[in-house]
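For reference, the structure discussed in these notes is given below.
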Amino acid sequence: TDQLTSGSNAAGIMLGNGALRMKKIEDRYSWGGINNNFGVPKALVQIEITFADGTEKTIATDGTWKSSAGPITFNHFYAGEDYDARKEKPGWSTSDYNASGWQEVRIASGPEGKLDAQLTHPIKVIETISPENKTNPEPGVYLYDMGQNFPGWWQLKVEGKTGAQVRIRGAETLNDSLFPKSLKPGDQISSKHSYHANVWSTYTLKGEGTEVYEPRFFYTGLRYVEVSVDDPDKFESINIEGRVVHSDLSYNGSFSASNTFLNDIHEATIWSQRGNSHGYPTDCPQREKGAYTGDGQVIAEASMHDFHMAAFYTKWLNDMKDAQQDNGRIPNTAPELVGGHGGGIAWGSAYILLPWWMYQYYNDTRVLEKHYATMKRYIQYLYTLARSDSNPEEKLIINDFGGYWDSLGEWCAPGESDGPNHPVVNTAYYFRDVQLFSQIAKVLGKKEDVERYSALSDSIAEAYNQKFFNPNTNLYGTDSTYQTYQLLALSFGLVPENHREEVLQTVINDIRETRNGHLNTGIIGTKHLWSVLVNSGHSDLAYKVATQTTYPSYGFWLEKGATTLWEKWSGEASHNHQMFGSVDEFFYKYLAGLRAPTDKGTTRGYKHIRIKPLVPDNLSWVKASLETVNGKVASRWENQDESFKVQVTIPANTTGEVCIPLLKGEAIEISEGDETIWKNGTLSGEVPGIKSAEKEEKCISFSVTSGTYHFTMKGEQNR
């Protein structure tokens, strides 16, 4: 291969601490109380060689290898990395290097457990970005604005004298302000958060021409880079670039619209997903870097639209399985090494929701089979928890349990961290988990479990309404409308049928009247907001919420300089969290009309695809595409003065249903290409692939086979 040369070859290994050793270091940042120390770094390498004559040879790590200290003098998963270029050993990994002065390696015991091949994408440098601007706020200090909040590290190119030192650190804002902005003379990098102020790289020059350095065993999240030097007279040149580092996920979908504001929200959502994909979905790249199951589950369907996530989620589900505790509990981070074991039921529910969504989107039954027994253990944990929480007499309600962090009920709604009534969310997700598990049992032919858990979910629903629902006010869990609680009951089908419209109306009124078109949801409620509004006929309100520009909204973030999604609607704390990215579901599923297998009309694995776009008054066009397991699906609509046009692509060996919305009146005529196919209220003419048509409420629906179709509608409003 191109990795080999003729003659002798050599392989070299560079070791860092990673998550194995995260000891607390004075004056440098480390998340929470983490103080891991599982021994020295170890390596296991096996090289399999097949020669041209078919013979084979294995070269593996053993006692014949040599080791030496290198130029990396400090590295820490959170705190940064230091590098002394004077300690470099040129050619150290080549076959002609003289390693006679190196030490013998020590043979170490391998880790316990089963060694598995890596399933998911490698973490690597994906992109290099150059600064938009730079300043020199004081002697020996240089400040760079990369123009984008990103995950990764800096690359330094420097020329100077031997022993001169450079310290590099990053931050998400300037001047200790709440919001980012374009760099101007006099600005200083923020230092109010220790995860910026106490995270850095110190580089010591060897003094040989242009030197290039970037970290290897650490990453962070940042927009601005500060470079400070010990003595400006020792340096001839300094340059910085940003290295974007994350799991090498490939894109699965595309979305764009005539309103660039929507494109900016979508782009910020993409960047936040990229920024929080590092072998597992993280909450933020700069502060915690933990695989929070709550964050990961609320973004999952959006991520399945934007990226190819099958391998990534297969691996993460294995992490959850490994992290499952003896009592069946799924902790709020998996793996737990850089996280914790708190969270509410909405967090651990990722272990039921994710396999179900993978079954729906990817037609993957293997993931259900592999995790069935351990998912069942989790359901049993919930069953036991309901009988051992703060109110064990309520056997079907999961009340508060453990400490504050154990039973969270919502996260980061406007103006608050947690919701006011934990059991409402805990029990709603308990119901949903049990309900879905009964459906999973049905898929796998587990008849007894189907009956058992179907009956249990019915009992939970009855107890839920008895406990939390006030039929006089049509409110769940509180005396005034709390959007998340209402949305969960509506989304999960918990509301008694004769109260559904009234419960829905409490949400509509709260958004329209009380909050002037704004949401009041955290990460959990926002996930369910879009589908509840659209499926109840209030797509106009969903669009209004999505396009608000005042607090709290995505537009408020953009107006304040965001290039990624933030942790809190106020802009406080982290500026790169992906947990509010469920808005991308609204863009793909509803604005573009590519209804998902979790929506009515589209079947598992996109075998039958329902395309039904929403057309807001002030939007001229939307286009989107998805690479499904059955091929590429695409939709583009354009609302013109005299016509409405829809172009769709249905992949081979699938069927589709294309719903042309009646925008302002009856459809007088619809054509496909040059052929009229709808006239006088009925199917007219013949076009290959179009099997039938019928008028539905507010649309004309065409049943089609695979292919690309160009529909044009002219209606009363165009006459």
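The values are calculated or read from the model by the stated rules, or taken from the named source; none is laboratory data. Please read all numbers here as calculations on a predicted model, not as lab measurements. Positions of Cβ are generated from backbone atoms using ideal geometry, with glycine treated the same way; all protein chains shown enter the neighbour counts. These area figures cover heavy atoms from the full protein model, side chains too; ligands, DNA and RNA do not enter into them. Shrake-Rupley method; radii C 1.70, N 1.55, O 1.52, S 1.80 Å.
Assorted remarks:
- Hits in segment 82-127 (condition: modelled with pLDDT under 95, among the acidic types (Asp, Glu) and part of a loop (DSSP other than H, G, I, E, B)): ASP96, GLU112, ASP116
- Total residues in segment 1-32 satisfying the condition of being farther than 18 Å from ARG216 by Cα and aromatic (Phe, Trp, Tyr): the figure is 1.
- Selection of first residues in segment 184-210 that are under 12 Å from LEU222 (Cα atoms) and of second residues that are open to solvent by less than 50 Å² (accessible area, probe 1.4 Å) and of a type in the set (Asp, Glu), restricted to Cβ pairs under 6 Å at least 6 apart or on distinct chains, gives the following pairs, ordered by first then second residue: ILE189/GLU226.
- Among the residues of segment 93-121, the ones that are farther than 25 Å from GLY39 by Cα and open to solvent by 60 Å² or more (accessible area, probe 1.4 Å) come to 7 in all.
- Count of segment 131-172 residues which are buried (at least 22 other Cβ atoms within 10 Å of the Cβ) and assigned to a loop (DSSP other than H, G, I, E, B): 1
- Across segment 404-417, the qualifying residues are those that are more than 21 Å from the chain's Cα centre (by Cα) and either of a type outside the set (Gly, Ala, Ser) or farther than 29 Å from ASP458 by Cα (or both), and the one among them that is surrounded by the most Cβ atoms within 10 Å (Cβ to Cβ) is ASP406.
- Criterion (within 25 Å of LYS568 (Cβ to Cβ) and open to solvent by 70 Å² or more (accessible area, probe 1.4 Å)) met by exactly one of GLU501, GLU513: GLU513
- Some residue of segment 526-546 being in contact (Cβ under 8 Å) with a residue 60 or more places away in the chain, open to solvent by 30 Å² or more (accessible area, probe 1.4 Å), more than 20 Å from PRO661 (Cα to Cα) and not aliphatic (A, V, I, L, M): no
- Of all residue pairs spaced 6 or more apart or on separate chains, those with beta-carbon atoms under 9 Å, a first member in segment 641-657 that is part of a strand (DSSP E or B) and open to solvent by less than 40 Å² (accessible area, probe 1.4 Å) and a second member that is of a type in the set (Lys, Arg) and modelled with pLDDT under 95 are PHE644/LYS714.
- Residue among PHE586, PHE580 that is of a type outside the set (Asp, Glu) and assigned to a helix (DSSP H, G or I): PHE586
- Residue within segment 260-278 that is over 18 Å from the mean Cα position of the chain (by Cα), open to solvent by 20 Å² or more (accessible area, probe 1.4 Å), at pLDDT 95 or above and not basic (Lys, Arg) present: yes
- Test result for SER177, farther than 23 Å from PHE556 by Cα, open to solvent by less than 60 Å² (accessible area, probe 1.4 Å), without any contact (Cβ under 8 Å) to a residue 60 or more places away in the chain and assigned to a loop (DSSP other than H, G, I, E, B): no
- Looking only at residues of segment 10-56 that are over 21 Å from CYS284 (Cα atoms) and charged (D, E, K, R), we find that the one that is farthest from the chain's Cα centre (by Cα) is ASP53.
- Restricting GLY665, GLY601 to those that are closer than 18 Å to LYS714 by Cα, over 25 Å from the mean Cα position of the chain (by Cα), of a type outside the set (Asp, Glu) and in a loop (DSSP other than H, G, I, E, B) reduces the list to GLY665.
- Qualifying residue in segment 239-250 (condition: open to solvent by 20 Å² or more (accessible area, probe 1.4 Å) and more than 30 Å from TRP316 (Cα to Cα)): yes
- Some residue of segment 334-345 being farther than 25 Å from ASN252 by Cβ, at pLDDT 95 or above and in contact with a helix residue (DSSP H, G or I) (Cβ under 6 Å, 6 or more places away or on another chain): yes
- Scanning segment 319-332 for residues that are under 13 Å from ALA350 (Cβ atoms) and either surrounded by fewer than 24 Cβ atoms within 10 Å (Cβ to Cβ) or modelled with pLDDT of 95 or more (or both) returns ASP319, MET320, LYS321, ALA323, GLN324, ARG329, ILE330, PRO331.
Each row is one residue, and each column tells you yes or no for (1) touching a strand residue (DSSP E or B) at 6+ places or on another chain (Cβ under 7 Å); (2) closer than 21 Å to ASP584 by Cα; (3) open to solvent by 70 Å² or more (accessible area, probe 1.4 Å).
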position	(1), (2), (3)
PRO616	no, yes, no
ILE660	yes, no, no
ASN680	no, no, yes
VAL687	yes, no, no
PHE702	yes, no, no
HIS710	yes, no, yes
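- Yes/no for LEU494 being out of contact with any Ser or Thr (no Cβ under 8 Å at 6 or more places or on another chain), over 20 Å from VAL615 (Cβ atoms) and in a loop (DSSP other than H, G, I, E, B): yes
- Annotation note: of PHE401, PHE431, the sole residue that is of a type outside the set (Ser, Thr, Tyr), touching a residue at least 12 places away in the same chain (Cβ under 8 Å), buried (at least 18 other Cβ atoms within 10 Å of the Cβ) and not in a loop (DSSP other than H, G, I, E, B) is PHE431.
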